[in-house]
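Heads up, the thing below is written out as structure tokens.
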Amino acid sequence: MPSGTFIHYRTPGILIFGMVLAPCGWVLDLTATVAPNWRTINDIDGEPIGTFLQQGIWDICRATTTSRDIQCNQQDEAYFNEQIIEIAQAMMVASLILTLIGLAVAIPGVRCWRERPNWTVAGLGGLLIFLSGVLTLIPIAWYTHILTDIAAASTDIRVGYSIILGYIGGIMEVLGGFVMFIGICRCCGGRNRSENVVADTGKSTRNPSPPRRITIPSINRTRSTASSVPYSKDSFDEIEFPRANVNGNRSKASSSYGGQPYDADL
């Protein structure tokens, strides 16, 4: 390799993909965990029309369609005694913690300050992120499956937005952790790891094309001997034009002039 050549290793795309999806999935999972809207119960018996309940795994809130006031910390022992609630609380918290651990492990393995990434460390972090996504999807899917079987004060039960966010966050973590983990296996000739070295010699590899030469044709102009003027150009050198009289006496100037008269003077 010639001197003065610098080697640049491209950051593997699978690591970038995983390191972007994992934090985004963690934020969505955190929102799904703390938000009290895993399901919404409408048309509650003994309550005014328009009153509905938003139930999560940590809290229950009461609201109405005619007001923006929301009353949380509602008590419902039958709901919180359900087995799925306790399991969802434990698995969602474990998923959040495991995602942070996976990111802490994967960051030193990703090539940010080294020539090549540590695929073993990065793959281990990706495995932890993958498991955290699985821990999120299990309670979310279980809760959705038995949505109407959980104790409720009404039969009008709808899925809350926390379920949607939990699904999206869990899938993002599963995909991000999986693509980081497959970096441990070298396949496709190392192309999955972006192991294509790019040499930069500091000089342009393209040969600059020489400037285009433009030939301008020369035009020789010959002086025409024919002229419609009764006198030639050289005759102006022999003519002595009269000068204006300073005293303003035009008659004396015309009488003192002794040159040859012209047609214009007649």
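The values are calculated or read from the model by the stated rules, or taken from the named source; none is laboratory data. None of the values given here were measured: they were computed from a predicted structure. Don't worry about glycine lacking a Cβ; one is built from the backbone with ideal geometry, like all the others, and counts go over all protein chains shown.
With the condition kept exactly as written, say whether any residue in region 35-48 is farther than 23 Å from I157 by Cα, of a type outside the set (A, V, I, L, M, F, W, C) and assigned to a loop (DSSP other than H, G, I, E, B).
Looking for residues that are farther than 23 Å from I157 by Cα, of a type outside the set (A, V, I, L, M, F, W, C) and assigned to a loop (DSSP other than H, G, I, E, B), one finds none in region 35-48, hence no.
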Inset, instruction - Filter region 64-92 down to residues that are hydroxyl-bearing (S, T, Y) and free of Cβ contacts under 8 Å to residues at least 40 places away in the same chain and give me whichever is surrounded by the most Cβ atoms within 10 Å (Cβ to Cβ). - result: T64
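Going by the structure shown, is D59 touching a residue at least 12 places away in the same chain (Cβ under 8 Å), closer than 23 Å to G170 by Cα and more than 33 Å from the chain's Cα centre (by Cα)? Step through it out loud before you land on a result.
On the way: touching a residue at least 12 places away in the same chain (Cβ under 8 Å): yes; closer than 23 Å to G170 by Cα: yes; more than 33 Å from the chain's Cα centre (by Cα): yes.
Yes, satisfied.
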Legend entry - Cross-chain or 6+ apart pairs with Cβ under 8 Å, region 126-145 first and at positive phi, then modelled with pLDDT of 95 or more and in a helix (DSSP H, G or I): none
